[in-house]
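First up is the structure itself, then whatever we jot down about it.
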Amino acid sequence: MDAMIMFMREFPVIDAATSVDQLRMRLRGNELEQYGKAFIPEFVYEVIRRLPRFSSMRRGHQQDAEEFLGFILEEMHDECSRAMRPSNAKVSSGATTPTNGMASPTSESPHPHTADDGGWLEVGPKQRAAITRSSGAIATESPITKIFGGKLRSELRVPGMKNSVTLEPYQPLQLDIGAPHVSNIIDALKGLTRSETLHGDFNSPRGPGSSATKQVTIETLPQVLILHLKRFQYDSSGGTQKIWKKVGYPLDLEIPKEVFPQHKRGGLLAHGGLPKYRLIGVVYHHGKNASGGHYTVDVRRQEGREWIRLDDTVIRRIRSDDVAEGGSEEDSKVLAAALEQHKSDQTQGSNVYEQIAAEEEEQKQAEKGWSQVNGMASTPTSVNKKRSGAANGNVTPSGSSGKMTPVNRASVKDNKVAYILFYQRVNA
């Protein structure tokens, strides 16, 4: 946590005001381009080097941005929990970590009607009882879970038995985008909550041939909703592949009612309407392969109108239209042609060893771009001269100072697609 505070203090505050409107009035155009100099966050690298959960991440190597983000949030949550815990408190041995992100506490108070197996009875629509349990819950709620954490509701319906409900924390929310019918994040959210039929022995009083129905819905939403578009999937024929179709996302998002439990929909509509969010950040992945590539970020500034694009040490102002363009849906004809071209590119090599060699060369070239991060910059004097211009978007970095990930003939800058979306809750 100390390292993250030091990291934030590296970014100078241009101006401050008591409201967004006042901030807009105070800011001047030239102030918005005072980005400062590029820097190496050695204090952050030094801390994460000592943490066990980062042991698989070697400095200077390509890593998954979503996995790194999850580790950072988990570590910050753990540190906050330890600081908030009374000195004489004992850590519960029954805490578990869910598979869909870091553990987040449940907010339910103890229920007077409890089930024999540790759950509680919940009365749902039409006075139907359901046995409700929490999965992956921990005792201490931290500022991190309050800001970024939500809960999913998984409901299993077996004929002749009480419904079984499991509440599981999420952070971020994982969205499958591989299905052909998913063209935007609304489709992906609805797909997350689509019911599925399960076959098996559920000890139903109606016999072993009975089928069950499972449906996942969103129980609670956080103040900052992180959506992870699952672009990398395992293909038995070719290993891990990248799903590089464009998936539409709006600048202003209204969560569809279909993703909430049936008994909550009426209350949402009666109390201010459906939850609304505005986009505040996008992480993009560039490159055709899942094994490498390049990340860039678009961030909305605090005054709400300005966006900036960060590409290594190159920073520049962009319009909201530029961000919205990245969230446009894929044209089906363009996508079909691109897929054919991708298949053709994969078969152009005379044999599989040439393809492997090409990927290794791309990885090698990409790793050269980390020369500054690895502390291998040649001359400090030349580094300092180039940092200021590069950080302000006036100079494309060259040499070993602030070097962007190099591009080869395959160009890792191709196939730019959104990978992680950050949405902030808009309070009515």
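The values are calculated or read from the model by the stated rules, or taken from the named source; none is laboratory data. Everything numeric in this text was worked out from a predicted model, so none of it was measured. As a convention, Cβ positions derive from the backbone with ideal geometry for all residues, glycine included, and neighbour counts pool all protein chains shown. These accessible areas exclude ligands, DNA and RNA; they are computed on the full protein's heavy atoms, side chains included. Shrake-Rupley method; radii C 1.70, N 1.55, O 1.52, S 1.80 Å.
Residue check: is P222 under 20 Å from the mean Cα position of the chain (by Cα), modelled with pLDDT of 90 or more, farther than 20 Å from G326 by Cα and of a type outside the set (G, A, S)? For P222, the condition - under 20 Å from the mean Cα position of the chain (by Cα), modelled with pLDDT of 90 or more, farther than 20 Å from G326 by Cα and of a type outside the set (G, A, S) - is met. Per the listing V283, V259, the residue uniquely out of contact with any Asp or Glu (no Cβ under 6 Å at 6 or more places or on another chain) and more than 30 Å from V165 (Cβ to Cβ) is V283. Residues that are open to solvent by 10 Å² or more (accessible area, probe 1.4 Å), touching a strand residue (DSSP E or B) at 6+ places or on another chain (Cβ under 9 Å) and closer than 16 Å to V283 by Cα number at least 1 in the following strands (runs of 3 or more DSSP E) confined to the range 158-261: 173-176, 224-230, 232-235, 239-242.
Return yes when R301 is at pLDDT below 95, of a type in the set (K, R) and within 30 Å of L27 (Cβ to Cβ) and no when it is not.
Numbers: at pLDDT below 95: yes; of a type in the set (K, R): yes; within 30 Å of L27 (Cβ to Cβ): yes.
When the stated conditions are applied, R301 passes them.
Of all residues in the range 411-424, those satisfying the criterion of being farther than 12 Å from V247 by Cα and modelled with pLDDT under 95 are S411, V412, K413, D414, N415.
For the range 264-278, which positions are outside any loop (DSSP other than H, G, I, E, B) and touching a strand residue (DSSP E or B) at 6+ places or on another chain (Cβ under 6 Å)?
K276, Y277, R278
Does the range 61-76 include one or more residues that are farther than 23 Å from L421 by Cα and surrounded by fewer than 17 Cβ atoms within 10 Å (Cβ to Cβ)? Yes, some residue in the range 61-76 is farther than 23 Å from L421 by Cα and surrounded by fewer than 17 Cβ atoms within 10 Å (Cβ to Cβ).
Counting only helices (runs of 4 or more DSSP H) that sit wholly inside the range 1-54, those with at least 2 residues that are under 19 Å from L73 (Cβ atoms) and either at pLDDT 90 or above or of a type outside the set (S, T, N, Q) (or both) are 2-9, 42-49. Of all residues in the range 116-123, none satisfies being surrounded by 11 or more Cβ atoms within 10 Å (Cβ to Cβ), under 30 Å from F422 (Cβ atoms) and at pLDDT 50 or above. Scanning the range 46-75 for residues that are in contact (Cβ under 8 Å) with a residue 60 or more places away in the chain, out of contact with any Gly (no Cβ under 8 Å at 6 or more places or on another chain) and over 23 Å from Y170 (Cβ atoms) yields a total of 3.
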